[in-house]
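Written below as structure tokens is the structure these notes are about.
No value in this document is a laboratory result; all are computed from the given coordinates. None of the values given here were measured: they were computed from a predicted structure. Cβ: placed from backbone, ideal geometry, glycine included. Neighbour counts: every protein chain shown.
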Amino acid sequence: MKKLFYLLLLISGLSVHKVQAQLSIRVVKDSLFIPWEIIYGPDGNIWFDQKNGYVCKLDPVTGVTDTIYHEANTVINGEGGMVGMALHPSFPDSAYIYIAYEYKPDVNHYYERVARYTYNGSTLVNQIVLLDSITGASYHNGCRLLIVNDKLFITTGDATVGSNAQDLLSNNGKILRINLDGSIPADNPIANSPIWCWGQRNAQGMVYANNILYSSMHGNTTDDEINIIVKGRNYGWPTVEGYCDQPAEMTFCTDSNVKEPIFAWTPTVATCGIDYYNLNMFPAWQNSLLLCTLKDTSLHQLKLNATHDSILSDTRVFVHNGRLRDICIAPNGKIYLSTSNSNAADNGIHTDRIIELYDSATAVREINTANALNIYPNPAKEQITVKLNSIGRSEYEIINPVGQTMLRGSVNGNTANISISSIPKGVYYIRLVAESGQISSGKIMKE
């Protein structure tokens, strides 16, 4: 249910903001079938899967798309099909791709499976099933995948049976956490169980930023939610919807260790893919969660407070003419959205797109990295030296392949040493913005 302060926000009016002049829109790829997950990869491609079981990669500049793999076992049933996907944090050096899809082992059962594949440079091979037999249904299957450090988080829906979300013997209505090889982490809250938290109706968005795991969850007729995910906590469904502000809810919340959302919507907007934005292309959107919505057909900017644990405002910054399924963000600040408007049963007419949002004034200042930024040694273990074709002060960010800022600082002059000893091994991007507005970027390999 809703708290009074949000009712006041509704009364005062959350207006639909017109697309600002500097916000430009480009269709990168069309004629797709419900791209459920889109990921900006370390190779500069957008990796995505489609509900009908196809895994593809897309060059965001040219629109050239390669179909990498088709999982023939994928079965579409309402919302079900191929859903969440994640790349290994060290991809492509560790060339693993994690995918969730629904399938039918027989005529009487419909299950969701999480599997790991190996990318051999042209296709996916060596499927290894990590988690299986999660009950599927025509609705409420989840599912997002997200790797945080060396753990895989998985959202699951309640499969239309609300009591599943409170049943600790069921993997439905939960956020699950497993090791990247499928084993159960020793520090999970329930021994030998993949369950990390419960009381989830149907979470379809996750992002890790500011050392916080955020998720978006579909409500029923009220209370879509943004939650901060914490180990071993109950998120209330089906007894609690939104905040603990009704008498029966208050009792259950106290007895069952329920964690309230940090934001909720009534009427619902159908919350979906979510990401964290803190780059320079859109300064007004910094320190914000960006949320795709299905029913509301909009991209919402959810401005965070200084400690990142509360939402200060909700602004519709882009309104589309159809449902928005997922979001990914490039290291240069461009934003990519996937739509979700094809017939869910796949009638062969594929109307979905991946679109790009960018600021044209910033984009034209981007310059050829090869002529602007030298990085050495590369690969490096403890420190890199960057050499720029600009003088004066520059602000830099070092970003991992999923868009999380790992390091931030400033340098003076056209040569500077930057310590990378505090970040894990892997592939990263560095982006520098000079006082003149010149932007340069490069790729770093941390050994």
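Using the Cα centre as the reference, give the magnitude of the dipole from point charges on the C-beta atoms of the chain (Lys, Arg: +1; Asp, Glu: -1; all else neutral), rounded to the nearest 20 debye. Could the numbers behind the result be given before it?
Numbers: 34 positive and 41 negative charges, 178 e Å.
Here the chain has a charge dipole of around 860 debye.
Provide the FRET efficiency to the nearest 0.05 for the Tyr376-Thr123 pair, computing r from the beta carbons and using R0 = 41 Å.
Numbers: r = 35 Å, r/R0 = 0.85.
Efficiency, from the Cβ-Cβ distance: 0.75.
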Review point. Can you give the calculated 222 nm mean residue ellipticity of the chain, where each DSSP H run of n ≥ 4 adds -39,500 (n - 2.57) and the sum is split over every residue, rounded to the nearest 500 deg cm²/dmol?
Key: -1500 deg cm²/dmol
Review point. Under the Kirkwood approximation applied to all pairs of distinct alpha-carbon atoms, what is the hydrodynamic radius of the range 286-338 in Å?
Key: 11.7 Å
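Report the local net charge at Phe33: Lys and Arg +1, Asp and Glu -1, summed over other residues whose C-beta lies under 12 Å from its C-beta.
Working: positive: Lys29, Lys51, Arg325, Arg353; negative: Asp30, Asp49, Asp346, Asp352.
In short, 0.
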Review point. Could you put Ser340, Ser256, Ser310, Ser421 in order, starting from the residue whose Cβ has the fewest other Cβ atoms within 10 Å?
Key: Ser421, Ser310, Ser256, Ser340
Exercise for review: Please list, in chain and number order, the residues 5+ apart from Arg144 or on another chain whose amide H is under 5 Å from its amide H, with Hs placed from the backbone.
Suggested key: Thr155
Review point. Taking the chain, how much of its Cα-Cα pair set, in percent, is spaced more than 29 angstrom apart?
Key: 46 percent
Study note, to complete from the structure: Scalar couplings 3J(HN,Hα) for the range 158-164 by Karplus 6.51 cos²θ - 1.76 cosθ + 1.60 (θ = phi - 60°), nearest whole Hz, x for Gly and Pro, are 7, 6, 6, 10, x, 5, 4
Study note, to complete from the structure: Here the equivalent ellipsoid of the range 245-380, derived from its Cα gyration tensor, has semi-axes (largest first, whole Å) of 34, 24, 14
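Output the relative contact order of the chain, whole-number percent, from Cα pairs under 8 angstrom with separation of 6+ residues. Walk me through the numbers before you get to the answer.
Details: 1209 pairs, mean separation 59.6, N = 447.
Contact order relative to length: 13 percent.
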Practice item. Give, as ranges by residue number, the residues of the range 322-358 whose backbone N falls under 20 Å from the point 7 Å along Cα→Cβ of Asp43. Key: 328-332, 336, 354
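Report the gain in length on full extension from His70 to Ala248: 0.36 nm times residue separation, minus Cα-Cα distance, nm rounded to one decimal. Walk me through the numbers before you get to the answer.
Values: separation 178, 0.36 × 178 = 64.08 nm, distance 4.76 nm.
So the extension gain works out to 59.3 nm.
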Check your understanding: For the chain, what is the percent of antiparallel DSSP beta bridges, rounded to the nearest 5?
Key -> 95 percent
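Once you keep just the Cα pairs under 8 angstrom separated by 6 or more residues, what percentage relative contact order results for the range 369-446?
Details: 175 pairs, mean separation 27.3, N = 78.
It rounds to 35 percent for the range 369-446.
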Study note, to complete from the structure: If each part is reduced to its alpha-carbon centroid, the range 66-138 and the range 318-351 end up apart, in Å, by 20 Å
Study note, to complete from the structure: Measuring from the longest principal axis of the C-alpha atoms of the chain, the long axis of helix 247-256 (C-alpha) lies at a number of degrees, nearest 10, equal to 70 degrees
